[in-house]
Amino acid sequence: MKVLVIGSGAREHALVWKLRQSPKVTKVFAAPGSDAIAGLAECVNIKATALNELATFARDNKIDLTVVGPEDPLVAGITDLFQRKHLRIYGPVQKAARLEGSKAWAKEVMSRHGIQTGGHKTYDTPQPAIEYLKNCDYPVVIKADGLAAGKGVTVCKTFEQAEAAVNEAMVKNRFGDAGRKVLIEDFLQGEEISVHAITDGHTILPLCLAQDHKAALDGDQGENTGGMGTYSPLPQINDDVMAQLERDIIVQTVHAMNREGVPFVGTLFAGCMLTRQGPKVLEYNVRFGDPETQSILMRLRGDLFEILSAAVDRKLENVTVDWDPRSVVTVVLASGGYPRDFEKGYKIKGLDSSFGPDVQVFHGGTKKVDGQWYTNGGRVLSVCALGSDLEDARRKAYAAVEKIHFDKMHFRKDIGWRGLKGAK
Ligand code: GLY
């Protein structure tokens, strides 16, 4: 079977790595892929958003399954296009992808179907938003309605910060069209969990839980990023809470989408806050998380190709998954300055070190020139390690990180801190 993976980041590097392990997969292509992915797959120079070109490539090369990494092609309707051309593709159709493409629409769905989430207001001009901010309780969360590469969320402790965030989105257009509409949300206190499930619209296959670290700096300080590191499993989350997340959020959402007339087929990823009142949805994503996927796939025992194929064929009821009981920690090595401006082109040393069998390094933003790796993005590398428990996995991940260096390299040193605290 020939598989095409769309995207170029560390998540796609991990997807390619796992798909290649399937005995059914004879060849993997990646579009556009990356210099690192080229070590595992044939990269084709087509952008993830060039939907027609991707469909033509899939047809001409008789691709059996296309797997979409990032959200942009899904929100732009790649699945609808492929389906019209009778090409097999894994990911939700455009109307279902609105769960991520419009945070305001996702809130409407949750409110119509009684799915727990925080209170919010939506604004499409800045002045009424700023008037509301003058009298509300702080902190608040300001969110761009559309896609903003994980950077459209600002937690604001004061009116001044909130006003600046609204102006940045709606007046300075930091997020382009994605920030034309803005949500002002209640700040939810608690622990944030990434809940992933693969669904064919009927059967739901929950994936192992992961926890991301969104803030740029240790102690959850600094600006929000796309994610600075993950770990799995979460020793502080018991079976009751897991069952509640599955029943009250994932199953409810899949049913809600069916009732909305837009069945969801693909990866449903609910960012959830465990509040005193129970789990609440912060936001939905309609694809695998990055860097959650790196941790999840390190633990997945089984054939990813078979699982995704079964979802596309609406035959997920025939599939079971098994998880490596060990812990995994993923540490993201980022360029100094990320998520704001950062420089690229720094030499990366140490990638040829011997890391051992429990460590994988997935490339998010790198480039190879004359056999030498250079930085080429904000989130440069995801360093993943399996260990007998969370502490062991952390030790191995940070020992691997110690072997890698590039100028202005930045990473969080506390990945998994909530799990360590909860496990004691
Ligand atoms: N790590 C969060 C995301 O993928 O959106």
* **Centre separation in Å (Cα based) which lies between segment 245-311 and segment 84-100** => 15
* **Cα pair distances exceeding 14 angstrom across segment 119-165, given as percent** => 47
* So, in nm, how far is label LYS408 from label LYS172 when the simple model puts each one 7 Å beyond its Cα toward the Cβ? -> 1.8
* Structure fact -> Quick calc: nm separation of the 7 Å Cα→Cβ label points for GLU192 and GLN83 -> 3.1
* To do: Give me the accessible area per residue for the chain, probe 1.4 Å, as a whole number in Å².
  => 42
* About the Cα centre, charge dipole magnitude for segment 217-287 (Lys/Arg +1, Asp/Glu -1 at Cβ), debye -> 260
* With θ set to phi - 60° and the Karplus curve 6.51 cos²θ - 1.76 cosθ + 1.60, what are the ³J(HN,Hα) couplings of segment 200-208 in order, to the nearest whole Hz, using x for Gly and Pro? -> 9, x, 10, 7, 10, 10, x, 8, 5
* Is the shape of the chain best called rounded, prolate or oblate, per the rule: a/c under 1.5 gives rounded, else a/b larger than b/c gives prolate, else oblate, with a ≥ b ≥ c the square roots of the Cα gyration tensor eigenvalues? -> rounded
* Asked: What is the projected area of the convex hull of the Cα atoms of segment 169-270, averaged over all directions, in nm²?
  -> 8.6
* To do: Provide the per-residue ³J(HN,Hα) series for segment 233-240, in order, calculated from phi with Karplus coefficients 6.51, -1.76, 1.60 and θ = phi - 60°, each as a whole number of Hz, with x at glycine and proline positions.
  => x, 10, x, 7, 9, 8, 4, 5
* To do: Give LYS27/LYS151; LYS214/LYS280; LYS18/LYS151 a once-over and call out the pairs whose C-alpha atoms are over 25 Å from each other.
  => LYS27/LYS151; LYS18/LYS151
* Asked: For ALA243 and SER354 in the same chain, what is the full-extension length gain: residue separation times 0.36 nm, less their Cα-Cα distance, in nm?
  -> 36.0 nm
* Structure fact -> The distance between the Cα centres of segment 5-25 and segment 332-384, in whole Å, is 18
* Rounded to the nearest whole Å³, what is the per residue volume of the convex hull around the Cα atoms of segment 1-107? -> 93
* Asked: Relative contact order for segment 323-375: what is it in percent, counting Cα pairs under 8 Å that are at least 6 residues apart?
  -> 35
* Accessible-area composition of the chain, carbon plus sulfur, in percent [1.4 Å probe] -> 46
* Relative contact order for the chain: what is it in percent, counting Cα pairs under 8 Å that are at least 6 residues apart? -> 16
* Per the Cauchy relation, a quarter of the hull surface: what is the mean projected area of the convex hull of the alpha carbons in segment 51-138, in nm²? -> 8.2
* Asked: In debye, nearest 20: dipole of the chain around its Cα centre with unit charges on the Cβ of K, R (+) and D, E (-)?
  -> 600
* Structure fact -> The size of the Cβ-based charge dipole (Lys, Arg +1; Asp, Glu -1) of segment 178-323 about the Cα centre, to the nearest 20 debye, is 360
* Asked: Any idea which of THR154, THR267, GLY365 is furthest toward the positive side of the dipole for the chain, if Lys and Arg beta-carbons carry +1 and Asp and Glu beta-carbons -1?
  -> GLY365
* Have a look at PRO73, LEU386, THR330 and report the one farthest towards the positive end of the charge dipole of the chain, computed about the Cα centre with Cβ charges (Lys/Arg +1, Asp/Glu -1). => PRO73
* **segment 251-351: Cα Rg divided by the 2.2 N^0.38 Å rule of thumb** => 1.42
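The values are calculated or read from the model by the stated rules, or taken from the named source; none is laboratory data. Since we're looking at a predicted model, the values are computed, not measured. So basically every Cβ, Gly included, is an ideal-geometry build from the backbone, and we count neighbours across all protein chains shown. These area figures cover heavy atoms from the full protein model, side chains too; ligands, DNA and RNA do not enter into them. Shrake-Rupley method; radii C 1.70, N 1.55, O 1.52, S 1.80 Å.
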